[in-house]
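S.K.: Sharing a structure with you now.
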Amino acid sequence: MQKLTRKEREKIARKEHILDIAEEIIAERGFDGATMDEIAEKAEVGKGTLYLHFKSKSAIYLGICERGSKLLTQEMAKVLLLEVSGMELIEKIGDVYLQFVRKNPVYFHAFNYYESLLNDEIIAKSDLVDRCEKSAKEAMTYIVRALQIGMQDGSIKSTFEPHELALIIWGASKGVVNMSFSKQKRNHMKILDDVNFSLDTLIHSLINLFAFGMKNDQQSQK
């Protein structure tokens, strides 16, 4: 790996500092409430410097998405190193996901924002989008691998197609997290008030539901 110059290191550090400040402001005010002026002021950088690193607020949010997706995939990668059954790997990946979104709701909302921009031709051609997409594919690969391990060791039924099942798990997990965050908003569907639930209970119930459906009953009876 080529050694970075001091100028390059300073540029990276300044960019990371801007993202740190942007995360704090967005966590407090939401994406719509954050402004480039406030980010520049609190980061103690000039507007020109801010726009040198990020050409828009959307670019900042994509930078946050990239950071969050890297952190999540790193945590998921650690799970794959455990010497447990594939079924246990899936359950542990679910726990990692739960802990991540609970501690880092800004990242989860950034993931959603990234997906909303994919139809924007200008944004879709951004290198930031490509890097977010790369991390998303990596995360999906870990889920698929855990499922394949489970099918090989007999803890998960081999009748499933692992890539398709991974998409279902990913989509369902994202959906219940969105539902949980929606309930926290002032304006939400009233049907959410009819059920007493939290992010933890939804994710754990979802994990148990998938485990029940995927578990190889013949293996468990041995």
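S.K.: List pairs: first residue in the stretch 41-68 and under 14 Å from Ile25 (Cβ atoms), second residue β-branched (Val, Ile, Thr) anywhere in the structure, Cβ distance under 6 angstrom, at least six positions apart or on different chains.
M.R.: Lys42/Ile21; Ala43/Ile18; Ala43/Ile21; Phe54/Ile60
S.K.: Does the stretch 153-171 contain any residue that is in the same structural domain as Gly63 (by TED's automatic domain parsing), touching a residue at least 24 places away in the same chain (Cβ under 8 Å), on the phi > 0 side of the Ramachandran plot and of a type in the set (Gly, Ala, Ser)? I'd like the intermediate steps shown before the answer.
M.R.: Looking only at the stretch 153-171, we keep the residues that are in the same structural domain as Gly63 (by TED's automatic domain parsing), and these are 153-171.
Next, from what is left, pick out any that are touching a residue at least 24 places away in the same chain (Cβ under 8 Å): 153-158, 160, 165-167, 169-170.
When the remaining residues are screened for being on the phi > 0 side of the Ramachandran plot, the result is 154.
Applying the additional criterion that residues be of a type in the set (Gly, Ala, Ser) yields 154.
Yes.
S.K.: Out of the helices (runs of 4 or more DSSP H) lying entirely within the stretch 56-162, which hold 3 or more residues that are surrounded by 17 or more Cβ atoms within 10 Å (Cβ to Cβ)?
M.R.: Numbers: elements: 57-79, 86-103, 105-116, 121-124, 127-153.
Filter on the stretch 56-162 gives 57-79, 86-103, 105-116, 127-153.
S.K.: Criterion first (farther than 25 Å from Lys185 by Cβ and not aromatic (Phe, Trp, Tyr)) does Thr49 satisfy it?
M.R.: Working: farther than 25 Å from Lys185 by Cβ: yes; not aromatic (Phe, Trp, Tyr): yes.
Judged against the criteria, Thr49 is a match.
S.K.: Looking at Ser85, Ser69, Ser126, which one is of a type in the set (Gly, Ala, Ser) and at pLDDT below 90? Reasoning before the result, please.
M.R.: Working: Ser85 fails: at pLDDT below 90; Ser69 fails: at pLDDT below 90.
So the residue among Ser85, Ser69, Ser126 that is of a type in the set (Gly, Ala, Ser) and at pLDDT below 90 is Ser126.
S.K.: Moving to a separate point now. Quick one: which residue in Glu66, Glu16, Glu24 is under 21 Å from Ser126 (Cα atoms), within 20 Å of the chain's Cα centre (by Cα) and outside the structural domain of Glu138 (by TED's automatic domain parsing)?
M.R.: Numbers: Glu66 fails: outside the structural domain of Glu138 (by TED's automatic domain parsing); Glu24 fails: under 21 Å from Ser126 (Cα atoms).
On inspection, the qualifying residue turns out to be Glu16.
S.K.: Just checking, how many residues over the stretch 163-184 are of a type outside the set (Gly, Ala, Ser), buried (at least 20 other Cβ atoms within 10 Å of the Cβ) and within 20 Å of Ala77 (Cα to Cα)?
M.R.: Going residue by residue through the stretch 163-184, those that are of a type outside the set (Gly, Ala, Ser) are 163-165, 167-170, 174, 176-179, 181, 183-184.
Filter once more, keeping what is buried (at least 20 other Cβ atoms within 10 Å of the Cβ): 165, 169, 177.
Still in the list and also within 20 Å of Ala77 (Cα to Cα): 165, 169.
The qualifying residues number 2.
S.K.: Within the stretch 40-55, take every residue that is basic (Lys, Arg) and modelled with pLDDT of 90 or more and give me the one that is surrounded by the fewest Cβ atoms within 10 Å (Cβ to Cβ).
M.R.: Of the stretch 40-55, the ones basic (Lys, Arg) are 42, 47, 55.
Those still in the list that are modelled with pLDDT of 90 or more too: 42, 47.
Working: Lys42: 14, Lys47: 12.
Filtering the stretch 40-55 for residues that are basic (Lys, Arg) and modelled with pLDDT of 90 or more, the one surrounded by the fewest Cβ atoms within 10 Å (Cβ to Cβ) comes out as Lys47.
S.K.: Right, next: Conditions first: (1) farther than 26 Å from Thr201 by Cβ; (2) surrounded by 12 or more Cβ atoms within 10 Å (Cβ to Cβ); (3) of a type in the set (Asp, Glu). Asp37 passes all but one, so which condition is the exception?
M.R.: All conditions pass for Asp37, except number (2).
The values are calculated or read from the model by the stated rules, or taken from the named source; none is laboratory data. Not measured: the values here are computed from a predicted model. Positions of Cβ are generated from backbone atoms using ideal geometry, with glycine treated the same way; all protein chains shown enter the neighbour counts.
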